[in-house]
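The values are calculated or read from the model by the stated rules, or taken from the named source; none is laboratory data. The structure presented is a predicted model; accordingly, all values stated were derived computationally and were not measured. Here the Cβ is made from the backbone with ideal geometry for all residues, glycine too, and neighbour counts use every protein chain on show.
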């Protein structure tokens, strides 16, 4: 997972979060695009923070969207690790 900064011909910079295959991850990038009026440094920092979360999800094998869609909340117990 890495943050890639795209520089447009106008000089505007937009950071994107890419997965291990170099493909954009939709949800965090949509969040960043909605906040594109902020400085690029702020957006890069936000994506780096989200990258840590997405790495953790990947390492633990947690499907975030399945959990959100089925309203299966996280808890303090380790049972959330069991899908």
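Values as computed for the structure displayed
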{"read-out": "Sole residue being at pLDDT 95 or above, touching a helix residue (DSSP H, G or I) at 6+ places or on another chain (Cβ under 6 Å) and surrounded by 10 or more Cβ atoms within 10 Å (Cβ to Cβ), chosen from 57, 17", "value": "17"}
{"read-out": "Candidates 68, 44 - the one that is in a helix (DSSP H, G or I), over 9 Å from the mean Cα position of the chain (by Cα) and within 14 Å of residue 4 (Cα to Cα)", "value": "44"}
